[in-house]
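Presented below is the structure to which this report refers.
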Amino acid sequence: ITVKFCATPHHLGGASYCSSGELVFNKFRLGADWFEQGITADVVRLLIHEFGHDASSDHLSSEYHEALCRIGAKLYALARRGDI
């Protein structure tokens, strides 16, 4: 994926991911402290949310819901094995 950063109060929330593989973090919305805290539950939550958009841009679709479930299950399995 390509990771980009922006700082805008307009139309973009904390982050945005599109299926072409571009992840954009909005420093204006997230705040400087968000980037200094390391990998926290909030960071993982945002990444799961954004990577779910690889399946669908519609938050209410079953494809998006299933993608979130798959990502969460994979993270759990990796953590349980000690790989993360």
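Rounded to the nearest Hz, the phi-derived 3J(HN,Hα) couplings of region 2-7 under the Karplus curve 6.51 cos²θ - 1.76 cosθ + 1.60 (θ = phi - 60°) are 9, 10, 10, 10, 9, 9, where x marks glycine and proline. Relative to the Cα centre, the charge distribution of region 1-64, modelled as +1 at Lys and Arg Cβ and -1 at Asp and Glu Cβ, gives a dipole magnitude of about 180 debye.
Residues considered: HIS49, HIS11, HIS59. Largest GNM mean-square fluctuation over the chain, using C-alpha springs under 10 Å, is found at HIS11. How large a share of the accessible area of region 10-50, in percent, is made up of carbon and sulfur atoms when the probe is 1.4 Å and the other protein chains stay in place? Whole-percent figure for carbon plus sulfur exposure: 53. The sum of -39500 (n - 2.57) across all DSSP H runs of n ≥ 4, divided by the residue count of the chain, sets its helix-only mean residue ellipticity at 222 nm to -14000 deg cm²/dmol. The phi-based Karplus calculation (6.51 cos²θ - 1.76 cosθ + 1.60; θ = phi - 60°) puts the 3J(HN,Hα) values of region 70-77 at 4, 4, x, 5, 5, 4, 4, 4 Hz, whole numbers, x for Gly and Pro.
Taking 0.36 nm per residue of sequence separation and removing the Cα-Cα distance, the CYS6/THR40 pair yields an extension gain of 10.1 nm.
In units of the compact-protein estimate 2.2 N^0.38 Å, the chain shows a Cα radius of gyration of 1.14.
For region 35-84, the solvent-accessible area with a 1.4 angstrom probe is 74 square angstrom per residue.
Taking every alpha-carbon pair under 8 Å whose residues sit at least 6 apart, the chain reaches a relative contact order of 22 percent.
The values are calculated or read from the model by the stated rules, or taken from the named source; none is laboratory data. Treat the numbers as computed from the prediction; the structure is a model and nothing was measured. Here Cβ is always computed from backbone atoms with ideal geometry, including for glycine, and neighbour counts include all displayed protein chains. In case anyone asks, the SASA skips ligands and DNA or RNA and just uses the protein heavy atoms, side chains included. Shrake-Rupley method; radii C 1.70, N 1.55, O 1.52, S 1.80 Å.
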